[in-house]
Amino acid sequence: MATHVAVPRHVAIVMDGNGRWASKRFLPRIAGHKQGVETLKKIVRACAHRQIEALTVFAFSSENWNRPAEEVSGLMDILAGALAKEVSQLKRDGVRLHFVGDRTGLSARVRQGFSDAETETSSNTRLVLNVCFNYGGRWDIVQAARQLAESGTAIDETSLSAALSLAFIADPDLLIRTGGEFRISNFLLWQCAYTELYFSPLFWPDFDEAALDAALAEYQARERRFGKTSAQIVADVPQAP
Ligand code: IPE
Ligand code: IPE
Ligand code: MG
């Protein structure tokens, strides 16, 4: 079987399970979100050390507005705080930040934080970190289709792909979802057409380098066929010595 010796170039993560992590400890859900930021910092560093080129994380979905107002505003505060605190370190670590999602529904403070962080880290090349915030896969496909319709561009796979908010980067090779749920929850619907899926039972705050390595090892044992037969893949891919 042709498997991958290489690490995935682009990893996507649905960082799920913060609330349950907190509830288990009789803490407010927001304490789980705070701990989740600590995990993200560790995993960003770990990805950079493993020569992963891009990490795309799901931080707030289009549907997360339906949560209690207190949790939504707590999440906004955590985000703004983390941005203010962490951008200079990310800059030193060579991380280039992008925020992906609908910015129109966000406060001026959050929007400003996003564009400042993007500008400050724009010359970094070690790891691209895409933070999907107020993002939904359906939103993305609709906004792309609307752009094409408005400009009178013919719709085909190439033009639609190019109008999506992650058009600047190749599709994810590996998608990890923590928290034990087996669903996509409106994450990268178009981009995950051929992504390898990996589900971890760990709550996001408990996810660590060892758990990342387990996901990477599983990825390396997979055979990606892209519609071809296994025999074709074996013929195409040079085997590791
Ligand atoms: C993921 O953790 C973070 C966000 C959706 C913002 P959850 O808050 O969904 O945690 P659980 O799934 O309720 O445990
Ligand atoms: C997905 O988690 C969104 C993020 C991690 C930001 P949810 O907790 O919102 O997903 P569901 O509601 O369990 O599908
Ligand atoms: Mg959840």
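Only residues that are of a type in the set (Val, Ile, Thr) and either free of Cβ contacts under 8 Å to residues at least 12 places away in the same chain or surrounded by fewer than 18 Cβ atoms within 10 Å (Cβ to Cβ) (or both) were counted in the stretch 31-70, giving 0.
Selection of the stretch 43-94 for residues being of a type in the set (Gly, Ala, Ser) and either within 13 Å of ligand 2 (Cβ to nearest atom) or within 22 Å of residue 10 (Cβ to Cβ) (or both) yields 46, 48, 54, 59, 61, 62, 94.
Among the conditions (1) more than 16 Å from ligand 3 (Cβ to nearest atom); (2) more than 18 Å from residue 82 (Cα to Cα), the only one that residue 45 does not satisfy is (2).
Residue 185 meets each of the listed conditions (1) at negative phi; (2) of a type in the set (Ser, Thr, Tyr); (3) under 18 Å from the mean Cα position of the chain (by Cα) apart from (1). A residue that is within 13 Å of ligand 1 (Cβ to nearest atom) and touching a Leu at 6+ places or on another chain (Cβ under 9 Å) occurs somewhere in the stretch 68-79. Of everything listed in (1) assigned to a helix (DSSP H, G or I); (2) among the small types (Gly, Ala, Ser); (3) more than 25 Å from residue 20 (Cβ to Cβ), the single unmet condition for residue 73 is (3). Applying a threshold of 6 Å to beta carbon distances and a minimum spacing of six or more residues, or different chains, the list of pairs starting in the stretch 162-185 at a residue that is in contact (Cβ under 8 Å) with a residue 40 or more places away in the chain and ending at one that is part of a helix (DSSP H, G or I) and within 16 Å of ligand 3 (Cβ to nearest atom) reads 178/204.
Conditions (1) of a type in the set (Lys, Arg); (2) under 15 Å from the mean Cα position of the chain (by Cα), marked per residue:
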position: 18; (1), (2): no, no
position: 72; (1), (2): no, no
position: 92; (1), (2): yes, no
position: 100; (1), (2): no, yes
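In the set (1) in contact (Cβ under 8 Å) with a residue 60 or more places away in the chain; (2) surrounded by fewer than 16 Cβ atoms within 10 Å (Cβ to Cβ); (3) more than 22 Å from the chain's Cα centre (by Cα), residue 209 fails one condition alone, (3). Out of 182, 207, 199, 187, one residue alone is touching a Lys or Arg at 6+ places or on another chain (Cβ under 9 Å) and farther than 23 Å from residue 99 by Cα. It is 199. Taken together, the criteria place residue 32 among residues that are under 20 Å from residue 134 (Cα atoms), of a type in the set (Gly, Ala, Ser) and either within 12 Å of ligand 2 (Cβ to nearest atom) or not in a helix (DSSP H, G or I) (or both). The single condition among (1) free of Cβ contacts under 8 Å to residues at least 24 places away in the same chain; (2) crowded, with 16+ Cβ neighbours inside 10 Å; (3) under 29 Å from residue 44 (Cβ atoms) that residue 148 does not meet is (3). Here the stretch 14-28 is the region considered, the condition is being in a helix (DSSP H, G or I) and more than 18 Å from residue 133 (Cβ to Cβ), and the residue that is nearest to ligand 2 (Cβ to nearest atom) is 20.
Read-outs throughout are calculated quantities, based only on the coordinates presented, and are distinct from any laboratory measurement. Since we're looking at a predicted model, the values are computed, not measured. Every residue, glycine among them, receives a Cβ derived from its backbone with ideal geometry; neighbour counts consider all protein chains shown.
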